[in-house]
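Encoded as structure tokens, the structure appears first; notes follow it.
The values are calculated or read from the model by the stated rules, or taken from the named source; none is laboratory data. Source: prediction; values computed, not measured. Neighbour counts run over all protein chains shown; Cβ positions are idealised from the backbone, glycine included. Surface areas here come from the heavy atoms of the whole protein model, side chains and all, with no ligands, DNA or RNA. Shrake-Rupley method; radii C 1.70, N 1.55, O 1.52, S 1.80 Å.
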Amino acid sequence: MTTFKTTYNRRAFLSASAATGGGFMLGFSWLASCTAAEEQVAMLTMPEAWFDINAFLKIGDNGIVTIYSPNPEIGQNVKTSMPMIVAEELDVDWKNVIVEQAGLNTKKYTRQVAGGSQSIRAGWDSLRMAGATARRMLMEAAAKQWQVPVEELTTDAGFVKHAGKNQSIGYGELAAAAAGMSIPQEVALKEAKDYKIIGTNVKNVDGPKIVTGQPLFGLDTQQEGMQIAMIIHPPAFGMKVKSIDDTAARSMSGITNVFTFTSYPEGIEKTWSDANAFPELVAVLGNTTWEVMKAKKAVKVEWETISKAENTADHIAGFEKTLSEKMEVARRDGDPEKAFSAAAQVIEKTYSAPFLGQSTMEPMNFFADVKADSAELSGPIQTPENMRKTAALALGLPEDNVNVMMTRMGGGFGRRLYGHFGIEAAMISQKANVPVKLVYSREDDMTQGTYRPAYMVTYRAALDENKNLTAIHIKGTGIRESPVFENRFPAGAVDNYLVEKTQLDSNISTGAWRAPRSNFIAGAEQSFLDEVAEAMGKDPIDFRLELFDRAIKNPVGEKNDYEADRYAGVLKLIKEKAAWDKETPGVHRGVAAYYCHNSYVAQIVDLVMEAGQPVVKKVWGAVDCGIVINRDAACNIMEGGAVDGIGHALFSAITFKDGKPEQENFNNYRLIRHGEAPAEIETFFVENEVHPTGLGEPGLPPVVGALANAWYKATGERKYHQPFMAEQKVLG
Amino acid sequence: MANFDLLVNKQKHQVDVDPDTPILWVLRDHLNLVGTKYGCGIAQCGACTIHLDGVAARSCSVPVSSVGGKAITTIEGLSAKADHPVQKAWIEHDVPQCGYCQAGQIMSASALLKANPNPSDEDIDVAMHGNICRCGTYVRIKAAIKTAAMSK
């Protein structure tokens, strides 16, 4: 049994006697009346009294346990999986667990962020400790009651037991006494082999509410006296509001206010998550959404140009120019120039991908109720702490007087890391002196993006006369961000290695998009390696395994950001599970593997030709994310990653003309639809006891490469420029 | 503004709204039935799917003035106890990720099964084509529809 010093985030435990959770929900009628808690409790018996044990849980006098999920839920299922970890160490029957979303509380929780697939990895210790310390306190309460040494006690699914005396007592009966116990200095943690909840299939705690349409999302917020607010933003990047004529709009039914406002007042300190192209906006307020939508069209706005109107054609030309010039060298191993000049064959390929929207199905929105001395914010936000900080500065209020509540998010994918919409809601509420729900139309959402940057990268490989790989050269660029990770594979596996990178400036706002940079570079890299393997006459998996073998036995360079044996592990697993060595007539296969956000994924795409078109039949996935918390949910997110990766690689692009996004809605921005998704997706996990890592992002990047490689097998055509289904270069 | 009599989930309602107001916003803003979701406003994503006399319709593009006496069913009225075969199948397959599009998916799926109790894969693809899921739960949705079809 491992022990764990309870120093980590100790403040969460020291404040145990303070009221937890529920208080933050007051004031929101739907949250108060329809919490996940109450719905589940309908099937359970409500306790007469609750006892706060620590910031993560309280125990009812009848043994029902409420566990607070600290992190924002964007569909990655942490609202289920994080409490599972607490419940495991608490040793309670999951049937008796109620889950509630915690509010933002930096005094009690650390890293209340949904981003980088880090919730589980970063929460692993504190979640286990929350459960384990509570369990220990319950045991100590029982030991005191029974007058026995605590070491003689065990627990089992919500009961403390004494085997010798054949005694058993429920957590509910011990909760009052346990709440008064001092916090243990050290606690025992379970061995992975003893897990009863972790590693099983636990259903989404919000599932019943989702399938019955109960209010859950920010856009569902209703409050007495609340007004609907919408914004008008410039039609193109590089423009700002000059003047407005709101005469017609103001006279329309249900319209209460129209004004221009600044969401980021001059001089306030911003965080990285305040990225935003349009700090000055027009607000239209009214009684109902439809009335405001109509009035928006009646506001006459004069715009002025403040910076260059950009075009996609210029972006492509800019990339091509910069790729032909020298760039900043990010990594150099051996003597790549010499290897290339001595090469018998050089393979050079250029890959590109366009801007993308995050396209959360729930458009941006936020509720704000700003009073003279306080502010209540609520809505879908991946970075609530940053939002509170900026909102306090923008509103001129002390941070302690600004409360941020996280609603379940109708998707995030990086878009809701950038919480300008919450600041906008707050500023509108302050200026109009009413509670408001700010609602973005789909067009607002799509044309005021923090887009996935457009990228272009050139890969070169040198082969000697014996077809040995002697050097790799990578040169990458992108709008405001290079896609290149210089210390990722295949760095470390090739003697002569050169990485160059640069970025181009732009007035188009860009940001994180599910698996930033990896979402593009994995596909490029894995497509390129496929082509190199073919030139070398090698099987694509064998070729990669040889590279990993080199990186394990004799790594090149000082810093390689991956564990080669785990990387090879997922490839070996997928090779076996998908029976890679066995050919099936009519099935064309491509493989890829990638490591990002601390998890390893290998995928195989099976394509068939139907009516002359390649059709994805099956995606096979192998994952090493350490201990799997919620097995079926992990499969679900891997399936989503595969569909999402394939869909965007095939269909999606945001392009610009005169600074204006040419796509505004789902009629001309293509997302993958039902009939285009793979018929089957099967996921396998490497079974180990490595501390768990996240899956929100790692399931997406490699599938793009596997798709491109399968496409080549099926059609003989290599795909270099996304979206693959575009007739010609979009970007490219 | 004008008064409209509506039959929503077997209950009569009268609303005073502009005739061009889409049913979506009548449901969400006037009747506080927020299970029907706004996704695109142009009948391209399916998040707002409801039933009009049992047939799937995109409520964002149906003006209240065109509904007449047709019975409106929303996700909240699909079943009394969350026990419609499609809802049960959705839970069984643990379909949702973010969950935002799922009410629309369920309404499209339940309308499909009403019209075609044993749909083929192709039937499902056609009927569900208008419902986007950005999280990519399509494989589970199809499996859940098949489970629901079997359970009828």
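Residues that are within 14 Å of another protein chain (Cβ to nearest Cβ) and assigned to a loop (DSSP other than H, G, I, E, B) within region A:72-116 comprise A:Pro72, A:Glu73, A:Ile74, A:Gly75, A:Gln76, A:Asn77, A:Ala114, listed in sequence order. Being open to solvent by less than 10 Å² (accessible area, probe 1.4 Å) and among the hydroxyl-bearing types (Ser, Thr, Tyr) is a description that applies to A:Tyr669.
Within region B:9-63, take every residue that is under 15 Å from the mean Cα position of the chain (by Cα), facing chain A (nearest Cβ under 10 Å) and of a type in the set (S, T, N, Q) and give me the one that is nearest to A:Glu362 (Cα to Cα). So, considering only residues that are under 15 Å from the mean Cα position of the chain (by Cα), facing chain A (nearest Cβ under 10 Å) and of a type in the set (S, T, N, Q), the one nearest to A:Glu362 (Cα to Cα) is B:Thr36.
Residues in region B:64-91 that are over 19 Å from B:Leu33 (Cα atoms), touching a Lys or Arg at 6+ places or on another chain (Cβ under 8 Å) and not hydrophobic (A, V, I, L, M, F, W, C): B:Pro85 alone. Within region A:363-389, being touching a strand residue (DSSP E or B) at 6+ places or on another chain (Cβ under 6 Å) and either under 13 Å from A:Asp400 (Cα atoms) or assigned to a helix (DSSP H, G or I) (or both) holds for A:Ala375, A:Glu376, A:Leu377, A:Pro384, A:Met387, A:Arg388. Within region A:217-227, the set of residues being open to solvent by less than 10 Å² (accessible area, probe 1.4 Å) and either hydroxyl-bearing (Ser, Thr, Tyr) or more than 7 Å from chain B (Cβ to nearest Cβ) (or both) comprises A:Gly218, A:Thr221. Among the residues of region A:287-298, is any more than 14 Å from chain B (Cβ to nearest Cβ) and open to solvent by less than 50 Å² (accessible area, probe 1.4 Å)? No - not one qualifying residue is present in region A:287-298.
I'd like the full set of residues that are open to solvent by less than 10 Å² (accessible area, probe 1.4 Å), touching a helix residue (DSSP H, G or I) at 6+ places or on another chain (Cβ under 7 Å) and not in a strand (DSSP E or B), limited to region A:469-492. A:Pro483, A:Val484, A:Phe489, A:Pro490, A:Gly492 - these are the residues of region A:469-492 that are open to solvent by less than 10 Å² (accessible area, probe 1.4 Å), touching a helix residue (DSSP H, G or I) at 6+ places or on another chain (Cβ under 7 Å) and not in a strand (DSSP E or B).
Being assigned to a helix (DSSP H, G or I) and under 18 Å from A:Thr260 (Cβ atoms) holds for only one residue in A:Glu443, A:Glu424, and it is A:Glu424. Among the residues of region A:346-357, those that are surrounded by 19 or more Cβ atoms within 10 Å (Cβ to Cβ) and either of a type in the set (D, E, K, R) or part of a loop (DSSP other than H, G, I, E, B) (or both) comprise A:Pro354, A:Gly357.
Let's see how each residue does on (1) at pLDDT 95 or above; (2) assigned to a strand (DSSP E or B); (3) in contact with a His (Cβ under 7 Å, 6 or more places away or on another chain):
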site	(1), (2), (3)
A:Ala277	no, no, no
A:Leu285	yes, yes, no
A:Met293	yes, no, no
A:Glu304	yes, yes, no
A:Ser307	yes, no, no
A:Glu320	yes, no, no
A:Val329	yes, yes, no
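Filter region B:94-112 for residues that are out of contact with any His (no Cβ under 9 Å at 6 or more places or on another chain) and surrounded by fewer than 23 Cβ atoms within 10 Å (Cβ to Cβ); which is nearest to the other protein chains (Cβ to nearest Cβ)? So, considering only residues that are out of contact with any His (no Cβ under 9 Å at 6 or more places or on another chain) and surrounded by fewer than 23 Cβ atoms within 10 Å (Cβ to Cβ), the one nearest to the other protein chains (Cβ to nearest Cβ) is B:Asp94. Criterion applied to A:Asp561, A:Asp581 was being over 30 Å from the mean Cα position of the chain (by Cα), at pLDDT 95 or above, in a loop (DSSP other than H, G, I, E, B) and not small (Gly, Ala, Ser), and the one residue passing it is A:Asp581. Exactly one residue out of A:Ala622, A:Ala634, A:Ala642, A:Ala649 is among the small types (Gly, Ala, Ser), assigned to a strand (DSSP E or B) and either buried (at least 24 other Cβ atoms within 10 Å of the Cβ) or within 12 Å of chain B (Cβ to nearest Cβ) (or both): that is A:Ala622. In summary, A:Ala236 fulfils each of the numbered conditions (1) closer than 27 Å to A:Met361 by Cα; (2) in the same structural domain as A:Lys296 (by TED's automatic domain parsing); (3) open to solvent by 30 Å² or more (accessible area, probe 1.4 Å) with the single exception of condition (3). Close Cβ contacts (under 6 Å, 6 or more residues apart or on different chains) running from residues in region B:59-86 that are open to solvent by less than 30 Å² (accessible area, probe 1.4 Å) to residues that are of a type in the set (Ser, Thr, Tyr) and assigned to a loop (DSSP other than H, G, I, E, B) comprise B:Ser59/B:Thr36; B:Val64/B:Thr21; B:Thr74/B:Thr36.
Taken over region A:679-716, residues that are more than 14 Å from chain B (Cβ to nearest Cβ) and in contact with a Pro (Cβ under 9 Å, 6 or more places away or on another chain) amount to 5. You will find that of A:Asn466, A:Asn433, the residue that is over 25 Å from the mean Cα position of the chain (by Cα) and on the phi > 0 side of the Ramachandran plot is A:Asn433 and no other. Inside region B:74-102, can you point out the residues that are farther than 15 Å from B:Leu52 by Cα and among the hydrophobic types (A, V, I, L, M, F, W, C)? Within region B:74-102, B:Ala80, B:Ala82, B:Val86, B:Ala89, B:Trp90, B:Ile91, B:Val95, B:Cys98, B:Cys101 meet the criteria. Taking the criterion of being open to solvent by 30 Å² or more (accessible area, probe 1.4 Å) and either among the small types (Gly, Ala, Ser) or facing another protein chain (nearest Cβ under 7 Å) (or both), the residues of region A:193-213 that qualify are A:Lys203, A:Pro208. The residues of region A:208-245 that are outside any strand (DSSP E or B), under 23 Å from A:Gly411 (Cβ atoms) and of a type outside the set (S, T, N, Q), listed by number, are A:Pro208, A:Lys209, A:Ile210, A:Val211, A:Gly213, A:Pro215, A:Leu216, A:Gly218, A:Leu219, A:Asp220, A:His233.
Can you work out which of the residues in region A:299-324 that are charged (D, E, K, R) and without any contact (Cβ under 8 Å) to a residue 60 or more places away in the chain is least open to solvent (accessible area, probe 1.4 Å)? Once the filter is applied, the top-ranked residue is A:Asp314. Taken as a whole, the structure leaves A:Ile268 outside the set of residues that are closer than 28 Å to A:Gly645 by Cβ and either in contact with a Gly (Cβ under 7 Å, 6 or more places away or on another chain) or assigned to a loop (DSSP other than H, G, I, E, B) (or both). With respect to the stated conditions, A:Lys501 fails to be in contact with a helix residue (DSSP H, G or I) (Cβ under 7 Å, 6 or more places away or on another chain) and at pLDDT 95 or above.
Residues A:Ala122, A:Ala176, A:Ala134: which one is assigned to a helix (DSSP H, G or I), open to solvent by 10 Å² or more (accessible area, probe 1.4 Å) and modelled with pLDDT of 95 or more? Just a single option satisfies the conditions, and that option is A:Ala176.
Answer with yes or no whether A:Ala343 is over 30 Å from B:Gly35 (Cβ atoms), at pLDDT 95 or above, open to solvent by 10 Å² or more (accessible area, probe 1.4 Å) and among the aliphatic types (A, V, I, L, M). In short, yes.
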